[in-house]
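Structure first, commentary second.
The values are calculated or read from the model by the stated rules, or taken from the named source; none is laboratory data. Predicted, not measured: the structure shown is a model, and the values here were computed from it. Glycine also receives a Cβ, built like all others from the backbone with ideal geometry; neighbour counts cover every protein chain displayed. Accessible surface is based on the protein model in full, side chains and every heavy atom, while ligands, DNA and RNA are left aside. Shrake-Rupley method; radii C 1.70, N 1.55, O 1.52, S 1.80 Å.
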Amino acid sequence: PAGPVLDAAHTVYTDHSIPRAAAGKRTVRLDRRLVPFWGGAAEPRELGLAYLEVAHREGNPSDLDRAFELLRQARAKGDDDPPLLTRLAFLYDRAGDPQQSAELYERALREDGGQVDAAVNLGSMLARRGQWQGAIELWQAALEANPGAEAAQINLALAHLTRGRREEARAAVRRALEFNPDLPAARKLLVELTARAPQR
């Protein structure tokens, strides 16, 4: 995230964030089309999810646009399972429609409380509005479903820090590092927490 790591209101993380292409990295052809291995045609749901996965890995905006179009088509045809709702919510948020995004995340979580991405991302939306308690509850639920959910653990640490709970923040960062000792955001936050520890 841009800005200082302790500026928690601006550094909450979401899952399925799209990385920018690194300088010197292979350029992705914008006219590429995904096709099923088995030939024939794929349904909009499967093709949309595939384009979103490719966009997540390669940062190609045209793949994101195709994913958004295909997943909206799939929903119009009656597909509204929690994984589709979660990914479509992410795309609505990216498109600047947080209300539609939040509604889809909430519906996905009502139908399947184990949708970790939905809990992390909806929590991030609440945190940006200053609704920390609701955000914390969502991130804790995400961690119950998947204790290794890095974004939930880092966000939880930031939330505790924002509320002045340094020890809880430190504990959350250490739990994140237990699952991934090389997690850059967690290591940076732990350094900040240690460097800014109150003098006794």
Inter-label distance for residue 97 and residue 131, nm, one decimal - labels placed 7 Å from Cα along Cα-to-Cβ: 1.9
For the range 103-167: accessible area per residue (Å², 1.4 Å): 41
Accessible carbon and sulfur surface of the range 63-161 relative to its total accessible area, %, 1.4 Å: 43
